[in-house]
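Remarks on the structure that follows.
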Amino acid sequence: MESRTIGHRSVSAIGLGGMPLSIEGRPDRDRAIATVHAALDAGVTLVDTADAYHRDAGEVGHNEELIAEALRTWGGDTSDVLVATKGGHLRPGDGTWTQDGRPEYLKAAAKASAQRLGVEAIGLYQFHRPDPSVPYAESIGALVDLLDEGVIQQAGISNANVAQIDEANEILGGRLASVQNQFSPAFRSSLGELEHCAELGVAFLPWSPLGGIARAAEVGSTHAAFGRVAEQHGVSPQQVTLAWELSLAPVVVPIPGASRPTSIQDSAEAVGLELTTDELAELSDH
Ligand SMILES: NC(=O)c1ccc[n+]([C@@H]2O[C@H](COP(=O)([O-])OP(=O)(O)OC[C@H]3O[C@@H](n4cnc5c(N)ncnc54)[C@H](OP(=O)(O)O)[C@@H]3O)[C@@H](O)[C@H]2O)c1
């Protein structure tokens, strides 16, 4: 599969988002493992996870442990697979999401994630979401310490605006590897951050690239141009959506979620889908 870069790592141009495998509506363990294996079989070498991808209280790290198990049981060489995790977002177990961006919390969380993933150093660690009660610079300072201590190999951020991207990159001494923001046909207001990342040469990982778990199936009808182009090519509207995102800049690496093997198999094929300049312009306009 075509590769793109995140910092000093080469990864497949389409990654796997792990969230649907661990939150509400998640599949049973066998189907979850089969979904990750299908991604690896398809040549996916980026898996996005987070310590907060779990459903109930008391199961922090559910998704990280699942991904680690899937990598162990796959049977192939996983040395080129980048597992990107996150910290700083929490799920108390009542369906809500909370934040904790205190440096001491983030450092302990990263060490716990490394243990669950079974690695000495995390390939990419992302600060999940700014915590309004903690100065951003302090949270990013924890990433600097984690890099310097060798707990993480690369640092990224998520849910950040242009000013925060610049601030993080400066504090990290130019070592910001990635930005993960919401971006899809339904949510384009982070195009400015995407373009800023392209200028900086920092990877941009669109989250909920198909519109989110509840809306992904309808992307071709809620955004008719995507459905039309899909029909012309005889492929799924989801593939067209991911191919369009890939076309926006060489730093873009979408991470579609999946809870069944066929979803990620289909998404991975977006890499080979060639859309014309006219089609891409039409998709960007609608
Ligand atoms: N940083 C953040 O704050 C943040 C927030 C949200 C998500 N994320 C990350 O971004 C990832 C992706 O976002 P998401 O999972 O919320 O939403 P999404 O990728 O927009 O949609 C996921 C859903 O799309 C369906 N799907 C995927 N490929 C498909 C295909 N080719 N054809 C038809 N359906 C397809 C899957 O269905 P099935 O379940 O039926 O397979 C899956 O449930 C997450 O998994 C997570 O890693 C990050």
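The values are calculated or read from the model by the stated rules, or taken from the named source; none is laboratory data. Because the structure is predicted, anything quoted here is derived from the model rather than measured. Glycine gets a Cβ as well: all are built from the backbone with ideal geometry, and neighbour counts include every protein chain shown. Please note that ligands, DNA and RNA were not included when accessible areas were found on the heavy atoms of the full protein model with its side chains. Shrake-Rupley method; radii C 1.70, N 1.55, O 1.52, S 1.80 Å.
A cut-off of 5 Å between modelled amide H atoms, ignoring neighbours fewer than 5 places along the same chain, links Leu90 with Thr98, Gln99, Asp100.
Karplus-based coupling profile of the range 112-127, in residue order and whole Hz: 5, 5, 4, 5, 5, 7, x, 10, 6, 9, 6, x, 8, 10, 10, 6, with θ = phi - 60° in 6.51 cos²θ - 1.76 cosθ + 1.60 and x standing for Gly or Pro.
Per residue, the chain exposes 40 Å² of accessible surface when a 1.4 Å probe is rolled over the protein heavy atoms with every protein chain present. For the range 215-286, the gyration tensor built on C-alpha atoms gives an oblate shape. Its axis ratio a/c (a ≥ b ≥ c) is at least 1.5, and a/b is not larger than b/c. The string of couplings for the range 130-146 from the Karplus curve (6.51, -1.76, 1.60, θ = phi - 60°) is x, 9, x, 8, 10, x, 4, 4, 5, 5, 5, x, 5, 5, 4, 4, 5 Hz, one whole number per residue in order, with x for Gly and Pro. Amide H to amide H distances under 5 Å link Gly123 with Val83, Gln153, where only residues 5 or more positions off or on other chains count and H is placed in the peptide plane.
The distance between label points at Ser79 and Ala214 comes to 4.5 nm (points 7 Å beyond Cα on the Cα→Cβ vector). Binning the alpha carbon pair distances of the chain at 10 angstrom intervals from zero yields the distribution 7, 31, 37, 21, 4, 0, expressed in whole percent. When a/c is below 1.5 the answer is rounded, else prolate if a/b is larger than b/c, else oblate, so apply that to the range 25-150 with a ≥ b ≥ c taken from the square roots of the Cα gyration tensor eigenvalues. Note, shape of the range 25-150 comes out oblate. The modelled label-to-label distance for the pair Ala121/Ser3, using points 7 Å beyond Cα in the direction of Cβ, is 1.8 nm.
Placing unit charges on the Cβ atoms of the charged side chains and taking the dipole of the range 218-286 about its Cα centre, the candidate lying farthest along the positive direction among Gly257, Val271, Leu242 is Gly257. Ellipticity at 222 nm from helices only: DSSP H runs of n ≥ 4 in the chain, each -39500 (n - 2.57), divided by the residue count, give -12500 deg cm²/dmol.
For the range 15-83, the carbon plus sulfur part of the accessible surface works out to 46%, probe radius 1.4 Å. Residue separation of Ala108 and Ala281 scaled by 0.36 nm, minus their Cα-Cα distance, works out to 57.7 nm of gained length. Scanning residues 5 or more positions from Leu205 or on other chains, those with amide H under 5 Å from its amide H are Val179, Gln180, Asn181, Val253, with H placed 1.01 Å from N in the peptide plane. Here's the picture: charge each Lys and Arg Cβ at +1 and each Asp and Glu Cβ at -1 in the chain, and of Pro185, Gly15, Ser284 the one pushed furthest to the positive end of that dipole is Gly15.
Here the simple spin-label model places points 7 Å from the Cα toward Cβ, and for Asp28 and Arg72 these points are separated by 2.1 nm.
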